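Q: Below you will find the structure I want to go over with you.
The values are calculated or read from the model by the stated rules, or taken from the named source; none is laboratory data. All figures in this text were calculated on a predicted structure; none of them were measured in a lab. Every residue, glycine as well, gets a Cβ built from its backbone with ideal geometry; the counts of neighbours run over all protein chains shown.
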Amino acid sequence: MGGNGFSIIQDSAVVTFQALHDQASALAFALPKISSTVVTNDAAIEFRTVSKVAVGSLVAWFMLKAFKEAMANRRLARKLRAQGIPEQKLQSRWWMLGLQRYLVGHAVEPSPHLFSECRASQQLPIIHGEDVDGWGCSDAPKVYLFRLFLGIPVVVLADPKALHAMLTLKSYSFVKPTNPVKLVSNITGTMGMLMIEGDVHKRHRRIANPLFNLKALKPLVPAILASLDEFFALVDQQPASTLIPFHELSSQLTLNAIGHAAMGYNFDAFNGQGSRVTAAYRNMLQHTSLTPWTLLTLQFPGTIGKIPTLQSHRFQNAFKVVESAVKDMLQNASKHPDGHMLIHELLRQNEQDVLSEYELVCEVRSFLGAGHETTAAAISSLVLLLALHPTIQQELHDEVESTAVALEDSDALAKLPLLNKVINEMFRLYPPTFTTYREAATDVTLPMAALGAIEIPAGTRFEIPIRAIHMDPSIWGDDAAMWNPHRWDTIDLVHGTSDVSANRIVKGRRQIGPYDFMPFLAGPRACVGRQFALMELRLFLAGIVQRYTLKTDIKSMDDANLTCAITMRSTNAWVRFEQRSARA
Ligand code: HEM
């Protein structure tokens, strides 16, 4: 769409909007006069007039506001484009003069950005310059922008140098944007680490970091294994040929595990409806799925967000149940000052009351929320992938058996090479956190490998397309889309430097930088629970392949029905768990 075309539209639209607004304002001023004179004559006519004026004023006010916002977004996008950031082309050409871009962005198109599944395969070509103006595949700057409603520009950023600046060097200059944060705060409360920024975040992180070092985590192993045993007991009740919906059971397994290991709490998730808190969690997670209604409530919290629905009523109830259970957990933990669960360590670290009672509640809710769905998604993908790759599954079984590692020995498990490669390769292609978002808190300069220093105005939104980066052939080679744990035989994870692309292959080994592989993100806001998650996944996976042969009827991960809300996960992980000893 040419710039002139838009100017014409803009000018005539300004006139129209302004006229509407003026008319509405004039009518609104006239309103008292109209009411006083007409009241005795014809009440019905008066009511109709008043209603029309009220509705007209409201529409005019709303349109003017929307128009102003669309214009501000247009100016921002223009500023970004002027510095070389390309814009994704609109697919559809049927809206006059490209007005679509300024009203609904890419929302009405088959676009990688709203409801489409897990995005990477659609985002990748654009990162490489397809469907953007002026760039070819080889010299594409690994950054582009697309539009949301009212033309809000969102910069999709895969440039490692810029990611280094955004996530590490200037991490507090980029905050989490309001809408995704609101969605997550439904689960974690407003003062958990995922939500907070700046000095408040630093204060929380100082208290939380020691909870997740290896010394503090080791005592949790027996509790995690107890949850695995509960899972085994459940599976062993079924005939070996039963297909088990592991996409559901994985959530119950990880909820029990984090309950036992971190909070000393029994969620009893395998037991039918489970405890009230388990049911409440289920309700709350439903509330965070990205339905069009949820998106509208997030976009317009003061109006649509306030409309009471059955779902919001259920959510409020669930919220109260979880809140009061977490308070009980904290109260019980305070009676055992020498306890060795995460919650005891949290209270010990907070002896000086650095965190208020509400902040503590939010942190516990964050650990429960952030710690169970992500790990459930990961173990669900792992089990399905092994069922789909019987040779790797057998190799892994042999590794666990031949080294005779006791599951209790988390240090020895951490050293099993294939176990770690299988987990890494799952995180590469099926990262539970498949994408994340940031917003510039202030005007800030962002260095980019291909474009130099870019001036970023405050309020600019960013998407970090984690999964697309993990699938980029220019990073991982031509077989990037293939699930192959043995690729890690010749990979070096390079730390501390942002860009290794110039020297990608060194002595036959592929160099992967910290911003090429980010299942837990990077920098000061990377996942605090990373070591806990890895320990849990190693225990689960080693325990499961030691005991069972995994089989499935689906043919590939394409049939796994990956869905994306806060996490990306399979909703079709039907797997047979055949006991190895029973088979022999
Ligand atoms: C497979 C499992 C997990 C994955 C893939 C994962 C991934 C992530 C990612 C990508 C982030 C950064 C999000 C962002 O800033 O945009 C994050 C943050 C966080 N994660 Fe995890 N996570 C996992 C498990 C856990 C566990 C087990 C816990 C706690 C018990 C946890 C607690 C947190 C917290 C509190 C944050 C916020 C950190 C901060 O902002 O300082 N996560 N996680």
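Q: Go through the range 433-473 and count every residue that is surrounded by 23 or more Cβ atoms within 10 Å (Cβ to Cβ) and of a type in the set (Gly, Ala, Ser).
A: Here the count works out to 1.
Q: Looking at (1) in a loop (DSSP other than H, G, I, E, B); (2) free of Cβ contacts under 8 Å to residues at least 40 places away in the same chain, can you tell me which one ARG510 breaks?
A: (1)
Q: Among (1) in the same structural domain as SER251 (by TED's automatic domain parsing); (2) within 16 Å of the ligand (Cβ to nearest atom), which single condition is ALA441 missing?
A: Checking ALA441 against (1) in the same structural domain as SER251 (by TED's automatic domain parsing); (2) within 16 Å of the ligand (Cβ to nearest atom), the one that fails is (1).
Q: Moving on. Assess whether ALA404 counts as being among the aliphatic types (A, V, I, L, M) and either away from the ligand (no atom under 16 Å from the Cβ) or touching an Asp or Glu at 6+ places or on another chain (Cβ under 6 Å) (or both).
A: Details: among the aliphatic types (A, V, I, L, M): yes; either away from the ligand (no atom under 16 Å from the Cβ) or touching an Asp or Glu at 6+ places or on another chain (Cβ under 6 Å) (or both): yes.
Considered against the rule, which asks whether it is among the aliphatic types (A, V, I, L, M) and either away from the ligand (no atom under 16 Å from the Cβ) or touching an Asp or Glu at 6+ places or on another chain (Cβ under 6 Å) (or both), ALA404 comes out as yes.
Q: If you don't mind, another one. Within 16 Å of LEU76 (Cβ to Cβ) and more than 16 Å from the ligand (Cβ to nearest atom): is that true of PRO457 in this structure?
A: Numbers: within 16 Å of LEU76 (Cβ to Cβ): yes; more than 16 Å from the ligand (Cβ to nearest atom): yes.
Yes, satisfied.
Q: Checking HIS336 against (1) modelled with pLDDT of 90 or more; (2) in contact with a helix residue (DSSP H, G or I) (Cβ under 7 Å, 6 or more places away or on another chain); (3) more than 14 Å from the ligand (Cβ to nearest atom), only one condition comes out false. Which one?
A: (1)
Q: Name the residues in the range 191-201 that are within 26 Å of PRO457 (Cα to Cα) and touching a helix residue (DSSP H, G or I) at 6+ places or on another chain (Cβ under 8 Å), would you?
A: MET193, LEU194, MET195, ILE196, GLU197, GLY198, HIS201
Q: Only one residue in ARG93, ARG101 is at pLDDT below 85 and surrounded by fewer than 14 Cβ atoms within 10 Å (Cβ to Cβ), so which one is that? Even if it seems obvious, please write down each step before you answer.
A: Working: ARG101 fails: surrounded by fewer than 14 Cβ atoms within 10 Å (Cβ to Cβ).
When all the criteria are applied, what remains is ARG93.
Q: What number of residues within the range 170-198 satisfy the criterion of being over 18 Å from ILE566 (Cα atoms) and within 13 Å of the ligand (Cβ to nearest atom)?
A: Count: 6.
Q: Identify all residues within the range 141-178 that are more than 21 Å from PHE517 (Cβ to Cβ) and part of a strand (DSSP E or B); write none if there are none.
A: Matches in the range 141-178: TYR144, LEU145, PHE146, ARG147, PRO153, VAL154, VAL155, VAL175.
Q: So, one more: Does ALA440 qualify as being among the small types (Gly, Ala, Ser) and at pLDDT below 95?
A: no
Q: Go through the residues of the range 48-69 one by one and say whether even a single one is assigned to a helix (DSSP H, G or I), closer than 30 Å to PRO447 by Cβ and either at pLDDT 85 or above or of a type in the set (S, T, N, Q) (or both).
A: Taking the range 48-69 first, the residues assigned to a helix (DSSP H, G or I) are 48-69.
Filter once more, so that each one left must be closer than 30 Å to PRO447 by Cβ: 69.
Filter once more, keeping what is either at pLDDT 85 or above or of a type in the set (S, T, N, Q) (or both): 69.
Among the residues of the range 48-69, at least one is assigned to a helix (DSSP H, G or I), closer than 30 Å to PRO447 by Cβ and either at pLDDT 85 or above or of a type in the set (S, T, N, Q) (or both), which makes the answer yes.
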